[in-house]
Structures are given as C-alpha cells and as structure tokens.
Amino acid sequence: MAKISLATIWLDGCSGCHMSFLDMDERFLDLAGQVDILFSPLVDNKVFPDHVDVTLVEGAVSNDSDKKNIAIIRQQSTIVVAFGDCAITANVPGMRNRYPVEAVLQRAYIENAAPPQQRSNGQPSKEGISFHTVPQLARMARPIHECIPVDFFLPGCPPPPRAILYLLTEILAGRTPQMHGWTRFGA
Amino acid sequence: MAKTITIEPISRIEGHGMITIVVEDDGSIGDARFHVTQFRGFEKLCEGRPYYEMVSITERICGICPVSHALASSKACDSILGVHPPETAVMLRRLLNCGEFIQSHALSFFYLSSPDLLLGMDTDPEKRNIVGVIEAYPELARSGIRLRKIGQQVIELLSGKRIHAAWVVPGGVNAPFTAEHRDTIRQMIPEALEITTHTLTMFKKSLENFREEIQTFANFPTLFMGMVDKDGNLEHVDGRLRIIDAKGNIIADTVDPADYQQIIAEEVEQWSYLKFPYYKPMGYPAGIYRVGPAARLNVCNGCGTPLADEEWAEFRALERGPVMSSFFNHYARLIEILFCIETMQKLLDDPALLSPRIRAYAQPNFLEGIGCVEAPRGTLLHHYQVDENGLMTWANLIVATGHNNLAMNRGVLQVAKRFITGTEVSEGALNRLEAVIRAFDPCLSCSTHALGGMPFTISFRKRDGTLLQTL
Ligand code: SF4
C-alpha cells in the first residue's frame, strides 16, 4: 500500500470529530506509519499544503475565513471528506441561523457583559458591537457541500472511530468506501 | 513606524486563535495580543429550547470536555427543578468527571505539548508533533495514548459513548452502573497509576531544561480562582469558589457559585471573540486572575488523596507563595490525573455506586438556575433562565479559557519581550509564543462557545494595522 497524505481541519465545529479520530487509540500508531499528516490541528504547519490526497473537514462554514479556507481545501485536495454532522448539515452551529448575526452578538457581548458604566474602554456601546482583526461572521452557518463539491460524507456527532478507520483503510487500499451501516446522523 | 507580527493559526491548541505583536521602530516589543477568532452564539441559539435539551446542546460546545458542559448544564437544570440528585447519581457524575480529567489532561500533555517538552521548543517544526514523538519515544507515546484511552473508556463504560453521550440528565443520570463495568474500570487503575507516576518522575527531571520558559510563561503575579470542598481541598464537581491573591492570602472563600456575579464581571475587546472576565471588586484589567490546574493547586489546602497530596506538597514547595509560572500547568495536570485515579479508586470501592436510585424527578420549580464545575481547564459556569413552561429564555456561559484571557494576553507579551528583537523572529521564538498559550491548554471551542479554524499565523503590521508581512 502506498502512503497517502492526509490533512484534517476544523471549521465551525466542537473538535469532537477530531477527538473521535484520536479515539482510534493504539490504531493511530499503525495509521501514523501509513499516512503523512501534512496539515492538522495536531501538527505545526501553518499553511495548507499545495497538494493533499485526503482532507477531513470538521465543522460548518460560518465566517469569512472558513469560506476562504474551504475553497483552498477543495483546490488542493484530491478527496474531500465532510467529517461529521456539522460539516454535513451545519448541525449545532446552524442553530444560530434563525437569528440575525447582530442579535447573536448582542446577547453575548452587550447583554452578557459588564454594564456600560463599569466599562473601562467605552466599547461596545448599547447600539451594537463590531469586531476587527478577527473573521466576520457569515449570516448563516452552512454545510460545506453548499460551498464546494464533496467526495465522501461521514455522518455522526461525532462519527465513531471504527467508521473513520474504515474510510481511511478503504481509501488507502484504493477502494471506494461504502459507508452504509458504519455510522449514522447523530450517532 | 511600528510593525505588527501575526501568528496564525496557532497549532496544537484546541481551537482557533491568532497572535499579533507590535514591534516598535527601535525593535522593542510594543504590545502583543492573543485573538480568538471564532464565535458560535450558544447563549442565543438555545433560546426557546426546553431546559432538558441544554445538556446535549451545550456538550456540543466542546468535544474535548463535553462531560464538563454536561455536568455544569445538568447542575443548572437541577436547580431549575429544585432537586438534589440521589447520592449514587452524585457519585456517578463524579466518576465520569474523573474519566474526563484523565483523557483531557492526557490529550494536552501527550498529544499537544509533549512535542515541545520532549523534542524541544526549537526542533524541526515538521517533526514537532505527536508523530514525531511516536518516532523518537515510542514507549512514551504509546503510554500517553493508553492513558487518554483509559479516561475515554471510563466515560464510555459509564455513559455508553465516549463523546457527547446522553447519560447525564437533569436530576441525576439516566441508567445505573453495573458491577461488571465497575470491575473493568478497576482493572485499568494499576496501569493508569503506573503511567502517571512514571511520567511525573520523568517530567520533574526535565524541569531544569526549561528555566527560561518557566521564567517567562506568564510568570507574573495575579489572583487565582478554583473550587474547593468543605475542608478546603481540591474539588472538581461540587464545591465552592475560593480566590487567593498573588501572596496566597484568601480574598474570597466559600462563595456559592450561584453568586458568581458578585465576584466576576466580563469585559469585551473588539479584537477578540473571547470575553475578558475579571474579579469585580478590583475592576478591569486590575482584577486579572487565573484558573485551571495550577490555579486549583494554588488555592486548595491539599488534594485529600495520599499520592496526590505528596506530589501537591512538592509542587507547592516550588515557590514560597502561589506557583506563578503558567508553565507549571503541565506539572499540575499530571498531579490532577493522579488525584482523579485515586478518587476513582475510592468511588469504585463504595457499594452505593451500584444503587438503582439515580435520578430525582420534578417539573421546573424555579425560573433560574446556575451550575458550576471545575472543567479540566478551569471553572465553568452555566447560568440559565426559563419561562413557566421550562423553555429557555436566556443563558450566560463563562468558560475556563475566558477566565484566563487577560493572563494569556499578558503571557504572550512577556514571551515576546524575552524572545523577539526587531523583526527577526526565529522559528523557536514563534513556537514559544504558541507554547505559552499551550501551557494554558485553552479550549477555544469552549471559549467563544466557538471553535474552529486553524491554529496560528504571525503577521507584521504597522501600528495602524496595515499588513507588512506574514510568516
Ligand atoms: S459533528 Fe458533533 S462532534 Fe463533530 S464537530 Fe459537530 S458537534 Fe462536534
């Protein structure tokens, strides 16, 4: 079996899918010999590599930096896997979609923060809050296949480790994974 | 013209963050900031949901410490119902929490930070990860994987699922524990103890290699906050809050978490989605405090279990007052793992653990509830309001990483001042900027009830924000 290169990335998710990846436990030791992890929250590369065989994408697309990243990922990966329910349906991040962004920000940063008279920096005001330097929130959190074509869907919240392992093993063997029966939404 | 360096993404942390550094004309460091770059809006999105869904929803804030959110959430719901969960449920929740501390601390230590600690802050970034550790120290890597697995297995044996189980419920837990699963956990304890004591010995020996990191990784006076039990000992699940000052004097004690708003307020800065809680009586930013493993060991009178107590005494002897450097969080994590293994042992020996009385039932009796636990990274607060039908009307969540926000920012500045001069930034210096953040083990998914993105970039900016260069 030839080695494959792997990237894993989290967009708007909870890292639970990545933790499930680590729940392969000792099987991770074998896998580490068969794949090169080129980009991942677990390794130090800052820039998405020019070419990766397989990229697992956790989380929904929720802000302008996610949008930029998902396009780069598609362009530079042969196989893109929507990894977990957030990537496939927007799941929990999508629960904010029924409110405008301003209302969501208002709750966290104005209502649930120190009252204005106690503030040292004068910001934010009652009128609203805006952020700079950090990515701007999109109106809605969306599944990744709305932004790019996706090759495989791996449902579950999170997908169980054996399903992740099966998918990678099949890809390593040059076969097309048949995910039926391995995992389900919300599992 | 001053320049800004940006590091993005920060790697080997749990979430999305970025560091920017302002370099003045004379090459000195003007300012440094740690930005959290994602936001998910849990406090709003739960509106209108029934209170009992909150456990499952808030677990999805974080895949690393879902148990902490489940516990804080169910405790807030317990007080909305106005019930005390039966003794067995309290014990089972505590046992579950031990599993989580073991897996989460093992993740932080072995998967995320051991590459810095074992391979060195300056090693080749290509190798500086868990796979590099597997190659260089296969035995140690394997035992780290084993230890995390033991924690995850404890969670699975209790709750049926490793991540996002639906077992902790308002009023208790929803299925009793079995003798068979108890015995399976018992059999894991010797190995867990072995791995932990062995790693502690090795880690203590290596401390002298990190003198400069110890000196600069957020090594400055602040307040510390953590939960303690009725004897003032280390407590993770059901206790009261204690705050000490930089000299170790207790300035607030036996604070009922339900009164958190009397001691904590949150400030907002427009360059980070993570809010900045501070100790209210001292104002912002003077009321800077820290939470988490080292903070907990600083505030408590001891651990209350024999092996952990020995290690605790040694830890506290590092300094005359509270242990100041956040580098020692790595050390404190190992001691807390030991404490959790011993606590597990005690719980498993208690026959009450197998009782079928595991849940108290009620309708909502109160319109407001507050739940508080110590999560692996520090104090976690869930505060809910519901209407007469038990539908959520409002929520506020203060997570561990938030409490540390001011201190992480100051820590980044301290490391920048020590390791960077001019715009010549060595790779090792960049890694140390990230490593100081890693020492806090921030959970950025939690922190903005948001996670995501990529770890870190460093960019150089002028003071007005124009980008000069990105590394
Ligand atoms: S699918 Fe579930 S486990 Fe995965 S990121 Fe989303 S909430 Fe977390």
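Computed from the coordinates by the stated procedures, all read-outs in this text should not be read as laboratory data. On a predicted model such as this, the values are computed, not experimentally measured, just so you know. Heads up, the Cβs are rebuilt from the backbone with ideal geometry, glycines too, and the neighbour counts pull from every protein chain shown.
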Handout entry: Among B:Gly302, B:Pro322, B:Val228 - extreme Cα towards positive end, dipole of region B:216-326, charges at beta-carbon
Key = B:Pro322
Exercise for the section: Return the long-range amide H neighbours of A:Ala138 (sequence gap of 5 or more, or a different chain), with a cut-off of under 5 Å between placed amide H atoms. Expected result: A:Asn63, A:Asp64
Problem - Percent of Cα pairs exceeding the 38 Å cut-off, where the set is chain B - result: 20 percent
Practice task
Let me know the shape class of region B:282-437, please: from the alpha-carbon gyration tensor, a ≥ b ≥ c as square roots of the eigenvalues, rounded when a/c is under 1.5, otherwise prolate if a/b is greater than b/c, or oblate.
Solution key: oblate
Exercise for the section: Quick one: grab Rg to one decimal and Dmax as a whole number for region B:216-326, Cα atoms only, in Å. Expected result: 14.3, 47
Practice task
Mind scanning B:Lys161/B:Lys247; B:Lys127/B:Lys417; A:Lys68/B:Lys127; B:Lys161/B:Lys346; A:Lys46/B:Lys275; A:Lys3/B:Lys149 and naming the pairs with a C-alpha gap bigger than 32 Å?
Solution key: B:Lys161/B:Lys247
Exercise for the section: Provide the convex hull volume over Cα atoms per residue for region B:366-421, in Å³. Expected result: 83 Å³
Handout entry: Loop trypsin sites (Lys or Arg not before Pro), region B:201-271 (other Cβ atoms within 10 Å of the site Cβ: 16 or fewer; DSSP)
Key = B:Lys230, B:Lys247
Handout entry: Added length on full extension, which subtracts the Cα-Cα distance from 0.36 nm per residue, B:Ser426 to B:Ala258
Key = 55.8 nm
Handout entry: For region A:87-103, 3J(HN,Hα) per residue [Karplus equation, 6.51 cos²θ - 1.76 cosθ + 1.60, θ = phi - 60°, Hz, x = Gly/Pro]
Key = 5, 8, 10, 6, 6, 5, x, x, 5, 7, 4, 7, 10, x, 3, 4, 5
Exercise for the section: Would you calculate the separation in nanometres between label points at A:Glu170 and B:Thr393, each defined as 7 Å from the Cα along the Cα-to-beta-carbon direction? Expected result: 5.0 nm
Exercise for the section: Please state, to two decimals, what the Cα-based radius of gyration of region B:150-226 comes to when divided by 2.2 N^0.38 Å (N = residues). Expected result: 1.68
Exercise for the section: Treating only the Cβ atoms of Lys and Arg (+1) and Asp and Glu (-1) as charged, compute the dipole magnitude of chain B about its Cα centre; round to the nearest 20 debye. Expected result: 300 debye
Fill in the blank from the handout: For the pair A:His180 and B:Ile250, the simple spin-label estimate (label points 7 Å beyond Cα toward Cβ) gives in nm 6.5 nm
Problem - Sites B:Glu47 and B:Asp124, calculated FRET efficiency, Cβ-Cβ separation with R0 56 Å, nearest 0.05 - result: 0.70
Problem - For region B:149-280, convex hull volume per residue from C-alpha positions, Å³ - result: 215 Å³
Problem - Calculated from backbone phi, Karplus (6.51, -1.76, 1.60) coupling profile of region B:260-275 in Hz, x at Gly/Pro - result: 4, 5, 6, 10, 10, 10, 10, 9, 10, 10, 6, 9, 8, 6, 8, 6
Fill in the blank from the handout: Mean projected area, convex hull of alpha-carbon positions in chain A, reported to one decimal in nm², is 12.3 nm²
Handout entry: Inverse of mean 1/r across different Cα pairs in region B:58-212, Kirkwood, Å
Key = 17.1 Å
Handout entry: Mean-position separation - Cα centroids, region B:94-135 and region A:1-46, in angstrom
Key = 14 Å
Practice task
For A:Thr8, enumerate residues with amide H under 5 Å from its amide H, sequence gap 5+ or separate chain, H modeled in the peptide plane.
Solution key: A:Phe39, A:Ser40, A:Leu56
Exercise for the section: Quick one: Debye curve from the alpha-carbon atoms of the protein assembly as shown only, equal weights, vacuum; give me log10 I(q)/I(0) at q = 0.12 Å⁻¹ to two decimals. Expected result: -1.33
Completion exercise
For region B:13-133, the Debye formula with one identical point scatterer on each Cα and no solvent gives log10 I(q)/I(0) at q = 0.14, 0.23 Å⁻¹ as -0.87, -1.28
